[in-house]
Amino acid sequence: MNVVIIGASFGGISAALQTRKKHPQATVILLEKTSSLGYLPSGLNLLLSGSISSLDEAYFMTAKELKEKGIQVYLDTEVRRVDLKEKSVVCATDSGSDVYRYDKLIVAAGSTPYSHKIIGTQSTKVLTYKQRAQAEEAWGVIQRSRHVAVIGGGQAGIEAAEALHENGKQVTVVESMDNVLFKSFDSEMIQPLQEEMIRKGVDLKFHRAVTAIEEQGEQLVLHLGDESAVCDAALLSVNVRPDLAFLDGQLPLNVDGTLMVDEYLRTEDLDVFGVGDCVQTPFPLTGESFYMPLANNAVRTGMTAAENLMEPVRPFVGSVRTVAAQAFGWYIASTGLTEAETQFYARPVRVHHKETKTSMLPDAETVHLKYITDADTEVLLGVQLISKENILQAINTFALAVQTEQPMDTLTGKEYFFQAGFTDLVDVTNLEHPFERG
Amino acid sequence: MRIEDFLEKQEKRELQLVSYLIHSGGEADYAELEEHLDITKASLESTLDSIAYSLRPLSENIALDYDGRAVRLWMDELFSMQELQHFYLKQSVKVQLLDYLFRNHEFSLTQLAPQLALSESSLSRKIKELNRYLKEFELKIWNGRVQGEELQIRYFYYLFYRFVQGKEALKEREAGISLQIVQTMENYLQVSFEPENQARVFLWLQIAQHRMHTKKTVSIRLKENMTPYMEDKLYQKIRSMLWRFSSRYSVEPDEEDAQMLFVFLLSSGVLPEPFFHDYRLTRNRNSPAASLDTYLVETIIIQYGYRKLPYMLERRMYHTLSQIHAALYFFKGDLEVHDRLFLLEQEQKIAEESVRSFAETLREITVEKLKLPNETNNGLMEWSLLGYFSVLVMVTMEMRQVLRVGIDLKHLPMYRETTISLLGLLIEKVNGVEAEECQPDKPYDLIVTDRREAEPLETGGKVYVLSELFSPFDQKNIERILQSLKK
């Protein structure tokens with residue numbers, strides 16, 4: 001069996017490894033359009049913040065490791081066309097073109113941040129950095145810039161803003177909604193982080209969408225409706241989108257341009273699978289499917305597709321959109337529904353706020369929690385937390401509880417370890433208890 | 001643009017013929033039809049043959065029987081002229097062309113001509129004809145695309161799929177997401193749409209979802225017109241909702257999508273009156289449409305000399321006027337589905353002449369206040385007259401203070417009863433007037449009489465002595481007196 005995988009980032013590599021594990025006899029072919037694979041999309045931020053000293057360190061996997069596992073890797077190989085009838089993939093390479101025949105095809109082509117509505121994004125000072133080559137170019141431009149604007153206040157945007165700030169840049173963040181990270185946090189929960197950003201001199205421009213970017217001499221002018229912002233360079237950190245032009249309309253797409261797949265991640269052609277940022281992900285809380293281009297979804301869909309190659313055995317469980325980050329001195333994490341998002345939830349909800357401590361020691365930090373429950377069933381629907389101390393792992397427990405639709409009772413009564421130096425009297429994830437303290 | 005403009009000359013004539021037969025009781029002779037359609041006998045015969053051929057797929061619903069002298073129409077009880085019109089429209093090349101352009105965003109003549117079974121030159125000719133009609137919407141088919149302001153494109157296609165092509169033609173992949181937005185909007189705005197209005201919002205959203213992927217769009221006028229509305233609370237809510245909704249998909253929302261949805265909601269009459277009332281209390285009263293609403297309500301109150309309007313009537317007036325004004329402010333062009341002049345005639349039957357002229361005055365004020373260009377081919381402007389007319393009829397009917405008129409014809413022993421009845425009908429043409437033969441001891445606001453020696457009324461009412469029976473002079477004077485009595 002020939003299994004061809006298009007794209008060698010989180011989704012593609014996970015699919016390749018799982019295919020190798022589940023189908024030891026299969027020929028696994030991994031096609032990657034760039035000259036390297038396994039690059040961490042946040043590599044530039046890591047470099048800017050000094051977490052790594054070179055982009056060479058921003059990899060989670062190498063071609064050598066994959067080849068050692070018997071996976072054929074082809075770099076600098078860009079897919080031009082897929083022929084569903086012939087079951088072949090036509091690629092452009094440095095030396096011309098190659099054709100790869102497949103029995104099963106996994107589309108893990110990833111996504112890119114781009115905007116066809118903002119005029120002027122083709123400027124060399126408008127930077128993207130998801131790929132290694134882009135990050136290298138961006139690094140060069142940023143080194144020469146004093147003032148950098150970040151377009152989009154999502155997780156990538158905030159992490160970039162902090163890295164730029166730490167690098168001594170003057171930073172402006174433009175966000176179209178009322179607060180940063182609006183997809184995962186309600187405004188009051190993210191307020192402390194925003195206050196810290198402002199205190200550190202970051203210029204936050206909310207409720208403004210960039211309509212055009214114009215080069216004026218050495219500078220860039222961002223047009224934000226009736227006002228503008230001047231900077232030396234801009235990082236484009238808007239929503240990412242898949243580019244599936246090579247499928248040439250042969251397979252049905254969703255309205256948002258993602259590949260239409262069933263619960264086993266199969267497309268209309270049952271020998272073709274879609275994973276990662278190319279597909280929507282089921283959101284079990286509302287029964288809908290959304291676009292959640294998260295690394296964890298890419299990894300899990302990649303593995304699930306590999307499981308279902310021969311026959312549909314494991315449906316993809318979906319995502320409750322679990323995210324966590326550390327920025328401007330705050331640890332923040334979220335899973336499931338936010339309060340603002342409950343407008344998409346058909347049933348009445350109850351919103352709770354709570355404060356607890358990270359340990360019983362005098363220097364313990366406060367953890368601010370917000371959680372949403374179904375008003376009738378008391379099932380946990382979503383949790384947001386923010387603290388000065390690293391409590392990010394707690395979100396995984398909450399994510400499991402939300403994913404498995406646990407009622408509050410289960411969380412209240414669940415067992416936890418007690419250790420005065422590491423926990424309060426009750427663990428942060430045992431939500432309902434009388435020992436509240438801020 | 002009229003809905004018939006999507007049809008070819010021959011198709012229009014065929015429909016015209018069937019329509020004439022319906023209005024003539026289902027039967028007409030050749031001479032009548034030749035005159036009505038302004039064609040020769042030979043052309044009539046070929047038209048009849050052509051209809052017979054066209055109607056073959058509908059043989060169970062409609063049929064024509066003709067014998068060289070007369071034509072008879074048979075129609076199933078459940079079949080209507082509207083269905084016949086749709087049958088013709090669905091086969092129209094112009095309709096198919098516009099439908100194709102919507103679905104594919106762009107085309108080349110070489111690619112499209114064979115699909116429509118046309119030569120490239122015929123297709124070019126159809127496009128030229130369509131462009132003549134699309135001009136009213138400030139749109140043009142050019143370089144394989146429909147070009148113009150994005151709001152106008154969405155507005156045109158909304159009318160197109162609502163009235164011409166049929167909404168069912170769009171029930172495709174956009175349906176699921178559009179339904180979700182409707183439900184989210186109801187939740188988020190705390191509004192509950194009537195089923196028919198929900199379907200209209202749904203259609204608008206389907207079109208919006210489809211157009212969202214268009215790469216090059218123009219929104220210059222929208223941007224300009226929206227300037228006074230940028231801080232509007234309803235707009236801000238719609239923007240926030242749409243942005244949040246879009247953020248869950250791989251689409252790129254923009255300010256204009258929210259603006260266009262806002263414009264649609266304001267101008268289409270889908271918002272329930274109680275919701276609009278709450279919105280009106282918080283909206284920016286200086287925005288062009290809002291200040292015009294207030295100005296016209298006050299103008300109407302002054303014109304009719306009302307001290308104050310009943311609370312609910314005033315609310316209904318604002319609701320209707322705001323739709324007219326938002327549409328005139330933001331949109332260009334209209335698709336005339338019903339015969340506007342016929343509707344105006346029907347409205348006039350129940351209202352006085354002065355109502356029509358006042359409706360025209362209101363329209364003139366609107367043109368001046370909204371600084372609208374004086375265009376002769378803007379159907380929306382023509383329809384606004386009907387809109388003002390309806391508002392005025394609504395107000396005058398509701399505010400009608402019943403005036404009693406006694407008819408006292410003593411010098412007319414012959415045909416007295418018939419004459420009183422006829423005169424009564426003429427007098428009652430003035431809204432809010434009841435006329436009857438004068439009864440002794442009954443108070444009247446006005447007595448119309450043919451006696452010069454009529455006694456002044458104890459109730460203080462007026463007396464009018466007819467100069468001549470049924471004279472337009474008397475009729476005009478009586479109308480004037482009644483109007484002054486109303487004030």
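The values are calculated or read from the model by the stated rules, or taken from the named source; none is laboratory data. These figures come from a predicted structure and were not determined experimentally. As a convention, Cβ positions derive from the backbone with ideal geometry for all residues, glycine included, and neighbour counts pool all protein chains shown.
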Total residues in the range A:145-181, condition part of a loop (DSSP other than H, G, I, E, B), within 14 Å of another protein chain (Cβ to nearest Cβ) and of a type in the set (S, T, N, Q): 2
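If the requirement is being part of a loop (DSSP other than H, G, I, E, B), touching an Asp or Glu at 6+ places or on another chain (Cβ under 9 Å) and either at pLDDT 90 or above or surrounded by 14 or more Cβ atoms within 10 Å (Cβ to Cβ) (or both), which of these qualifies: A:Phe417, A:Phe435?
Working: A:Phe435 fails: either at pLDDT 90 or above or surrounded by 14 or more Cβ atoms within 10 Å (Cβ to Cβ) (or both).
None of the others qualify; the one that does is A:Phe417.
From the list B:Glu14, B:Glu60, which one is within 28 Å of the chain's Cα centre (by Cα) and not assigned by TED's automatic domain parsing to the domain that holds B:Tyr133?
Of the residues listed, the single one that is within 28 Å of the chain's Cα centre (by Cα) and not assigned by TED's automatic domain parsing to the domain that holds B:Tyr133 is B:Glu14.
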Look through the range B:232-260, keep the residues that are of a type in the set (Asp, Glu) and part of a helix (DSSP H, G or I), and return whichever of them is farthest from A:Thr211 (Cα to Cα). B:Asp257
On the given criteria, is B:Phe276 at pLDDT 95 or above, more than 25 Å from B:Glu149 (Cβ to Cβ) and away from every other protein chain (no Cβ under 14 Å)? yes
Residue among A:Leu31, A:Leu17, A:Leu48 that alone is under 25 Å from A:Leu294 (Cα atoms), modelled with pLDDT under 95 and either surrounded by 15 or more Cβ atoms within 10 Å (Cβ to Cβ) or in the same structural domain as A:His165 (by TED's automatic domain parsing) (or both): A:Leu48
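Kindly indicate which of B:Glu45, B:Glu27 is among the acidic types (Asp, Glu) and surrounded by 14 or more Cβ atoms within 10 Å (Cβ to Cβ).
The conditions single out B:Glu45.
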Given the condition part of a helix (DSSP H, G or I), touching a residue at least 24 places away in the same chain (Cβ under 8 Å) and more than 14 Å from every other protein chain (Cβ to nearest Cβ), answer yes or no: does some residue in the range B:221-231 qualify? yes
Out of (1) assigned by TED's automatic domain parsing to the domain that holds B:Ala208; (2) touching a residue at least 24 places away in the same chain (Cβ under 8 Å), what's the single condition that is false for B:Tyr100? (2)
Give me the residue from the range A:198-228 that is within 14 Å of chain B (Cβ to nearest Cβ) and outside any loop (DSSP other than H, G, I, E, B) and, out of that set, nearest to A:Ala135 (Cα to Cα). A:Ala212
Every residue in the range B:269-293 that is under 24 Å from B:Thr361 (Cα atoms) and surrounded by 15 or more Cβ atoms within 10 Å (Cβ to Cβ), please. B:Gly269, B:Ser287, B:Pro288, B:Ala289, B:Ala290, B:Ser291, B:Leu292, B:Asp293
Quick check on B:Ser108: is it touching a helix residue (DSSP H, G or I) at 6+ places or on another chain (Cβ under 9 Å), loosely packed, with under 14 Cβ neighbours inside 10 Å and not assigned by TED's automatic domain parsing to the domain that holds B:Asp334? no
Being modelled with pLDDT of 80 or more, within 17 Å of the chain's Cα centre (by Cα) and either assigned by TED's automatic domain parsing to the domain that holds B:Leu482 or within 25 Å of B:Phe156 (Cα to Cα) (or both), is that true of even one residue in the range B:335-342? yes
Within the range B:372-417, count every residue that is exposed (fewer than 14 other Cβ atoms within 10 Å of the Cβ), more than 35 Å from the chain's Cα centre (by Cα) and of a type in the set (A, V, I, L, M). 2
Take the range A:109-134 and flag every residue that is surrounded by fewer than 16 Cβ atoms within 10 Å (Cβ to Cβ) and polar (S, T, N, Q). A:Thr112, A:Gln122, A:Ser123, A:Thr124
Find the strands (runs of 3 or more DSSP E) located wholly in the range A:229-343 whose residues include 1 or more that are closer than 30 Å to A:Leu392 by Cβ, of a type outside the set (Asp, Glu) and away from chain B (no Cβ under 14 Å), and list them. A:233-236, A:323-327, A:330-336
Is it the case, given these coordinates, that A:Phe344 is modelled with pLDDT under 95 and assigned by TED's automatic domain parsing to the domain that holds A:Ala8? no
Within the range B:243-252, does at least one residue satisfy the condition of being facing chain A (nearest Cβ under 8 Å) and acidic (Asp, Glu)? yes
When every residue in the range B:174-198 that is exposed (fewer than 15 other Cβ atoms within 10 Å of the Cβ) and not in a helix (DSSP H, G or I) is compared, the one nearest to the other protein chains (Cβ to nearest Cβ) is B:Gln190
If you check A:Ser184 against the conditions, is it modelled with pLDDT of 95 or more and within 24 Å of the chain's Cα centre (by Cα)? yes
Does B:Ile127 count as at pLDDT 90 or above and not in a helix (DSSP H, G or I)? no
Could you list, in sequence order, the residues of the range A:370-389 that are in contact with a helix residue (DSSP H, G or I) (Cβ under 7 Å, 6 or more places away or on another chain) and part of a loop (DSSP other than H, G, I, E, B)? A:Glu378
